[in-house]
Amino acid sequence: MPRSPPRRDDQSRQPVRDQHRRHCPHGTAALQVALQLAGVEAKDEVIIPALTFVATANAVHYLGAIPHFADSEDQTLGLDPAALRDWLSTTAERSGAGAGWRNRHTGRRLRALVPMHCFGHPCDLDALLAIAHDYQLALVEDAAESLGSRYHGRHTGTFGLLGTLSFNGNKTITTGGGGAILTDDMHLADHAKHLTTTAKRPHRWESIHGEIGYNYRMPNLNAALGCAQLEQLPDFLASKRCLAARYCDAFADSGLEQARLMQEPPGCKSNYWLQTLILDERVADQRDAILEVTNDAGLMTRPAWTLLHQLPPYRDCPRAPLPVAESLARRIINLPSSAGLA
Ligand SMILES: *Cc1c(COP(=O)(O)O)cnc(C)c1O
């Protein structure tokens with residue numbers, strides 16, 4: 001749930017005001033703590049896309065909560081709000097006055113909704129915020145892939161109650177390993193800092209820890225690297241856009257009609273973290289042959305992640321019908337995407 005009206009935030013060198021950013025040793029830890037701050041407790045269900053990196057589900061699991069998988073949409077590759085609303089209309093029931101909603105099949109509380117901006121393309125945040133509001137779900141954005149991406153001019157990760165970033169080695173900027181929690185709620189920001197630094201109560205010499213915290217500090221060496229990387233962010237983003245345009249030109253010239261390049265959704269500015277080719281359904285069976293030939297030629301093409309409900313640890317989790325995620329997973333080919341290629 002947004003805590004303030006959308007703000008203009010066009011200083012790309014400083015995506016979020018410093019006092020609202022809390023650093024973590026990696027993006028997964030940031031998401032785990034953000035979910036805890038959002039009120040997720042053991043045995044709660046947290047709605048996440050099936051089409052995401054495994055870290056999204058792992059962060060939920062680390063809290064003893066259960067991922068509940070929802071479908072994605074073609075245009076954004078992120079959570080499909082229409083399908084989710086449909087699903088919840090038959091799956092969610094009120095738990096009692098003011099107590100939120102639960103999954104009528106499992107009896108467990110539905111506590112949070114975690115959209116993920118897939119490959120850096122913002123998902124349909126307005127519609128997802130409306131669902132979060134109607135079903136009393138805390139919205140926490142997994143913006144690990146979308147540093148620099150904007151939805152109607154505002155930076156991804158700043159719409160939910162909390163958002164999280166990753167600075168892993170493969171992300172748009174890196175600190176070697178690292179992550180951050182974003183929020184514009186000062187109390188949550190203070191609590192985030194407290195929890196990620198062993199929950200030590202401020203005192204001149206006593207060490208009193210009032211709750212169980214974590215040693216989730218980002219080491220200073222990594223943070224120093226991050227400061228230097230942040231200065232280069234505008235250049236990285238420009239290079240990624242340039243690369244996206246070059247792929248577009250190349251594919252337009254090739255006359256290829258059985259595939260499309262993923263473009264930023266309307267009203268959005270994507271960071272093009274990964275460049276993505278989406279095959280038409282009729283040629284989906286050729287995906288592996290394409291991966292084979294391109295990798296043999298030294299081009300690092302990759303399929304999308306295995307959908308999370310198909311992974312052994314998450315096979316028995318609750319899930320909505322996932323026809324679009326299942327189709328996308330068969331048809332996505334990620335292309336070489338390094339900013340250096342532009
Ligand atoms: C990279 C990533 C994370 C977190 O990654 P870390 O490696 O822990 O920094 C979380 N979610 C998604 C979708 C990611 O791509």
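Here are a few things to note about the model shown:
- Looking across the stretch 147-179, the residues that are within 12 Å of the ligand (Cβ to nearest atom) and in a strand (DSSP E or B) come down to 163, 164, 165, 166, 179.
- Qualifying residue in the stretch 183-203 (condition: under 17 Å from residue 21 (Cβ atoms), near the ligand (Cβ under 10 Å from one of its atoms) and assigned by TED's automatic domain parsing to the domain that holds residue 52): no
- Within the stretch 17-45, residues that are among the acidic types (Asp, Glu) and at pLDDT 95 or above have Cβ atoms under 9 Å from residues that are in a strand (DSSP E or B) and within 14 Å of the ligand (Cβ to nearest atom) in these pairs: 45/67, counting only partners at least 6 apart in sequence or on another chain.
Let's see how each residue does on (1) surrounded by 12 or more Cβ atoms within 10 Å (Cβ to Cβ); (2) of a type in the set (D, E, K, R):
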site	(1), (2)
247	yes, no
257	no, yes
267	yes, no
289	no, no
309	yes, no
319	yes, yes
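- Here residue 219 clears all of (1) more than 21 Å from the chain's Cα centre (by Cα); (2) modelled with pLDDT of 95 or more; (3) of a type outside the set (Lys, Arg) except the condition numbered (2).
- Options 315, 330: the member that is touching a residue at least 12 places away in the same chain (Cβ under 8 Å) and among the basic types (Lys, Arg): 330
- On the stretch given as the stretch 66-83, residues that are over 17 Å from residue 306 (Cα atoms) and crowded, with 24+ Cβ neighbours inside 10 Å total 2.
- Only a single item in (1) within 29 Å of residue 95 (Cα to Cα); (2) within 16 Å of the ligand (Cβ to nearest atom) is not met by residue 126, and it is number (2).
- Any hit, the stretch 109-118, residues being surrounded by fewer than 24 Cβ atoms within 10 Å (Cβ to Cβ) and away from the ligand (no atom under 14 Å from the Cβ): yes
- Residue tally, condition among the basic types (Lys, Arg) and under 19 Å from the mean Cα position of the chain (by Cα), over the stretch 316-334: 1
- There is no residue in the stretch 89-108 that is within 16 Å of the ligand (Cβ to nearest atom) and touching a strand residue (DSSP E or B) at 6+ places or on another chain (Cβ under 8 Å).
The values are calculated or read from the model by the stated rules, or taken from the named source; none is laboratory data. Being a predicted model, the structure only gives us computed values, none of them experimental. Glycine gets a Cβ as well: all are built from the backbone with ideal geometry, and neighbour counts include every protein chain shown.
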